[in-house]
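Report on one structure; see the data block that follows.
Every read-out reported here was derived from the displayed coordinates using simple, explicitly stated rules and does not represent laboratory data. Remember, predicted model here, so these are calculated numbers, not experimental data. Quick reminder, even Gly has a Cβ in these numbers, built from the backbone with ideal geometry, and neighbours come from all protein chains shown.
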Amino acid sequence: MDNGFAPREEWPELMTKAQAGDRHAYTQLLRAIVPAIRTIARRQVSDSVLVEDVVQDVLLTVHRVRHTYDPGCPFLPWLMAITQARAIDALRHRGRNQRRETDAEEALSAIAVEDSSEHQDIQEQLTQILDKLPVRQRQIVEQIHLQEMTLAQAASRHNLTISAVKSLLHRAITNLRRMGANHDQS
């Protein structure tokens, strides 16, 4: 059967020529070995995407270590050893990544739950502290610092001057500091 590829018996000769710098022989060899690499990889890897990754990795490895092939030895066992090693590496790598992804997802879920409950606790503490302020001071602090209104917007909402809003804000912050200092001493 002629599939356009060099027959397996010619692979050692093609590799020898490739080692000597014959680009045409090297191209012929690479084209001929791809189906064999794919077949060998499929024996160890069931995921077709991962099989193609292994094929590419094997081709790169063959290129990188082609000088290690001994022309006096059979070519296919050399190629099989490389392919099997790359398939095992790919499976290990995928296993490590899946484990990391699962660990990361679990950690993010735990952080989200922790952040949510921590955020709720902070909200409750903030509400308790702000409730100790006089109503108008609390409203000004909430609007300027929590709702991020400008001084002019807060003044307009309360029908006050900007100076009056600044004064209320200053008194509120002074009261909050005093409450904090009293809380620290107790």
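Quick notes on this structure:
- Stretched out straight at 0.36 nm per residue, the stretch from residue 48 to residue 92 would grow longer than its current Cα-Cα span by 14.2 nm.
- Ranked by how many other Cβ atoms sit within 10 Å of their own Cβ, fewest first, the residues 37, 129 fall in the order 129, 37.
- Charge tally in the Cβ shell below 11 Å around residue 74, where Lys, Arg are +1 and Asp, Glu are -1, residue 74 excluded: -1
- Under 5 Å from the amide H of residue 69 lies no amide H of any residue 5 or more positions distant or on a separate chain, with H modelled from the backbone and absent for Pro and chain starts.
- Taken over the alpha carbons of segment 8-100 as equal point scatterers, the Debye sum produces base-10 log I(q)/I(0) values at 0.25 Å⁻¹ of -1.26.
- Ranked for footprinting exposure by Cβ neighbours inside 10 Å, fewest first, 29, 14, 60, 130 give 60, 130, 14, 29.
- Pair residue 30, residue 84: separation of 7 Å Cα→Cβ label points (nm): 2.6
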